[in-house]
2 protein chains.
Amino acid sequence: MRLSTKGRYGIRAMLVLARRYGEGPVPLKEVAEIESLSEAYLEQLVSELRKAGLVRSVRGAQGGYLLAKDPAIITTGDIIRVLEGPIGPVQCVVEFPGTDTCDCAESCVERLLWKRLRDSMVQVLDSITLADLMAEEKKLNPSSGTGDRSC
Amino acid sequence: MRLSTKGRYGIRAMLVLARRYGEGPVPLKEVAEIESLSEAYLEQLVSELRKAGLVRSVRGAQGGYLLAKDPAIITTGDIIRVLEGPIGPVQCVVEFPGTDTCDCAESCVERLLWKRLRDSMVQVLDSITLADLMAEEKKLNPSSGTGDRSC
DNA sequence: TTAATCCCTAGTAATCCACTCGGCTTGGTC
DNA sequence: GACCAAGCCGAGTGGATTACTAGGGATTAA
């Protein structure tokens with residue numbers, strides 16, 4: 001019941017961009033350094049975020065990535081959905097189901113349980129934006145605003 | 001962000017035992033048939049549930065498994081914890097952390113997000129018991145009480 | 001023109017998942 | 001007491017997934 005690194009790194013990367021919102025593109029190399037992540041790997045994640053319209057890119061020297069929207073309207077759910085797929089503890093109660101909802105459909109109580117679990121996950125993830133996280137960050141350590149991590 | 005089959009099958013198996021609570025041991029073969037699962041695989045899961053004290057076993061002919069407690073006091077969280085490990089979307093905010101909480105500990109906003117997600121998952125799973133599921137089941141399909149599944 | 005930067009595809013080692021298999025022990029039943 | 005139904009246990013395995021790495025373009029500011 002764990003997120004993969006994609007979701008976790010994705011949130012971290014987006015938070016870096018959020019802190020620099022309005023200051024022009026941030027090169028991926030810098031994001032990778034700040035978060036101590038592999039640049040090449042991060043590139044793949046950010047590429048997905050770009051295709052999903054959450055970040056914009058500027059190519060060429062002096063280029064980089066920036067948030068495509070205000071941090072206040074990008075939710076953590078948006079990010080997780082792009083990188084981990086639709087939210088839900090089991091395939092058959094996932095949001096926006098594709099072809100594979102199971103047959104038992106209505107007569108199955110487990111589904112009810114999983115739906116409730118899914119809804120509570122969705123509720124949390126969709127209610128927390130990047131701006132929210134930045135605000136909490138200020139409360140946590142008002143001193144350094146960099147967000148650099150030691151670990 | 002998905003459960004593995006262990007958690008899913010585990011809930012299904014426990015639900016079978018819950019429906020037969022008070023009627024003596026149910027052989028695993030029967031559970032496997034009702035739920036269309038591999039008996040050998042199921043054996044591993046049930047074995048963990050037994051070691052955790054959620055089911056009891058009766059060896060020898062006419063033996064099988066039974067719930068170790070009333071369905072009303074076994075929560076879905078209990079079952080999931082045994083089969084999937086402590087609940088939490090990332091290792092570092094898992095319940096009952098072992099050695100590996102991360103260093104960033106307090107200064108890290110992501111942790112805050114993951115904690116909230118974890119708490120909402122725990123809340124749902126710990127509030128729903130096997131008895132609750134059986135009650136819902138009655139409401140869903142009052143006709144057949146077997147719980148046999150076609151899929 | 002150079003260098004910084006994004007873009008894309010392919011490969012890969014390690015790990016994990018979802019099982020299967022085979023043999024052992026226990027204990028009713030005949 | 002033999003037989004057989006059942007639980008108990010550990011090892012093995014094929015396939016999928018994860019978390020990357022590598023390398024070669026394309027784009028553009030300086």
Two pseudo-spin positions, 7 Å from Cα along C-beta at B:Lys138 and at B:Glu23, lie apart in nanometres by 1.5
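Could you rank B:Ser57, B:Ser120 by how accessible they are, 1.4 Å probe, largest area first?
Values: B:Ser57 50, B:Ser120 20 Å².
Accessible-area ranking of B:Ser57, B:Ser120, largest first: B:Ser57, B:Ser120.
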Tell me: how much accessible area in total is hidden between A and B, 1.4 Å probe, Å², nearest 100?
-> 3900
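Net charge within 12 Å of B:Thr75 by Cβ-Cβ distance, Lys/Arg positive one each and Asp/Glu negative one each, not counting B:Thr75 itself? Can you show the working numbers first?
On the way: positive: B:Lys69, B:Arg81; negative: B:Asp70, B:Asp78, B:Asp126, B:Asp132.
The answer is -2.
Determine the per residue accessible area of chain B with all protein chains present and a 1.4 angstrom probe, expressed in square angstrom.
Values: 7210 Å² over 151 residues.
Here the per-residue accessible area is 48 Å².
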Cα axis of helix B:130-140 to longest principal axis of chain B: angle in degrees, 0 to 90, nearest 10?
-> 70
How much mean residue ellipticity at 222 nm does chain B get from its helices, if each DSSP H run of length 4 or more adds -39500 (n - 2.57) and you divide by all residues, to the nearest 500 deg cm²/dmol?
-> -15500 deg cm²/dmol
Would you list the P(r) distribution for segment B:5-140, with all Cα-Cα distances sorted into 5 Å bins from 0 and each bin expressed as a whole %?
-> 2, 10, 18, 19, 17, 12, 9, 7, 4, 2, 1, 0
Identity and axial distance of the chain A residue whose Cβ lies nearest the axis relating A to B, Å = A:Ser120, 2
Give the long-range amide H neighbours of B:Val26: residues separated by 5 or more places, or on another chain, with amide H under 5 Å away, using H modelled in the peptide plane at 1.01 Å from N.
-> B:Tyr65, B:Leu66
Could you sort the residues of segment B:1-35 by number and keep only those whose accessible area is reduced by 10 Å² or more in the all-protein-chain setting relative to the chain alone, 1.4 Å probe?
-> B:Met1, B:Arg2, B:Leu3, B:Arg8, B:Ile11, B:Arg12, B:Leu15
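Shielding of B:118-127 by partners, i.e. mean partner chain Cβ atoms within 10 Å per residue?
On the way: counts 2, 2, 8, 6, 1, 2, 9, 6, 0, 1.
Other-chain Cβ atoms within 10 Å of each residue's Cβ, averaged: 4.
Could you grab the relative contact order for chain B? Cα pairs under 8 Å, six or more apart, rounded to a whole percent.
Details: 176 pairs, mean separation 40.6, N = 151.
Normalised by residue count, the contact order of chain B is 27 percent.
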Output, in nm with one decimal and in ascending order, the distances from the A:Ala61 label point to the matching label points of the other copies (7 Å from Cα along Cα-to-Cβ).
-> 8.8
7 Å along Cα→Cβ, label-point gaps from A:Ala72 to other copies, nm, shortest first = 5.0
What are the nm distances, shortest first, from B:Asn141 to its equivalents in the other copies, labels at 7 Å along Cα→Cβ?
-> 5.5
So what's the angle, to the nearest 10 degrees on a 0 to 90 scale, between helix B:5-19 and the longest Cα principal axis of chain B?
-> 40
Could you tell me the accessible area of A:Cys108 in Å² (1.4 Å probe, neighbours in place), rounded to the nearest ten?
-> 10
Members of A:Lys139/B:Lys115; B:Lys6/B:Lys51; B:Lys29/B:Lys138; B:Lys6/B:Lys115 lying beyond 19 Å, as alpha-carbon distances in this model show | B:Lys29/B:Lys138; B:Lys6/B:Lys115
About its Cα centre, chain A carries a charge dipole, from +1 on Lys and Arg Cβ atoms and -1 on Asp and Glu Cβ atoms, whose size in debye to the nearest 20 is 260
Residues whose built amide H sits under 5 Å from the amide H of A:Glu95, excluding neighbours closer than 5 in sequence, are A:Ile87
Taking H placed 1.01 Å from N in the peptide plane, check which residues at least 5 places from B:Val55 or on another chain put their amide H under 5 Å from its amide H.
-> B:Arg50, B:Ala68
Degrees between helix A:39-51 axis and first principal axis of chain A (Cα, 0 to 90, nearest 10) = 60
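Taking the Cβ of A:Leu49 as the centre, find all other residues whose Cβ is under 14 Å away and add up their charges (Lys, Arg: +1; Asp, Glu: -1). Before the final figure, lay out the partial values.
Numbers: positive: A:Lys6, A:Arg8, A:Arg12, A:Arg50, A:Lys51, A:Arg56, A:Lys69, A:Arg81; negative: A:Glu43, A:Glu48, A:Asp78, A:Glu84.
Around A:Leu49, the surrounding residues sum to +4.
Using only the Cα atoms of the protein assembly as shown, what semi-axes does the equivalent ellipsoid have when each is the square root of 5 times a gyration tensor eigenvalue? Give whole Å, largest first. The partial results should precede the final answer.
Details: eigenvalues 385, 76, 51 Å².
Working from the Cα gyration tensor, I get semi-axes of 44, 20, 16 Å.
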Over what distance in Å are the Cα centres of segment B:1-35 and segment A:26-88 separated?
-> 42
Which whole-Hz ³J(HN,Hα) couplings does segment B:59-73 yield from phi under the Karplus relation 6.51 cos²θ - 1.76 cosθ + 1.60, θ = phi - 60°, glycine and proline marked x?
-> 7, x, 4, 6, x, x, 10, 9, 4, 7, 9, 4, x, 6, 10
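The values are calculated or read from the model by the stated rules, or taken from the named source; none is laboratory data. If you're wondering where the values come from, they're calculated on a predicted model, not measured in any experiment. No Cβ is skipped: glycine too gets one built from the backbone with ideal geometry, and neighbour counts run over all protein chains shown. SASA here: full protein model, heavy atoms, side chains in, ligands and nucleic acids out. Shrake-Rupley method; radii C 1.70, N 1.55, O 1.52, S 1.80 Å.
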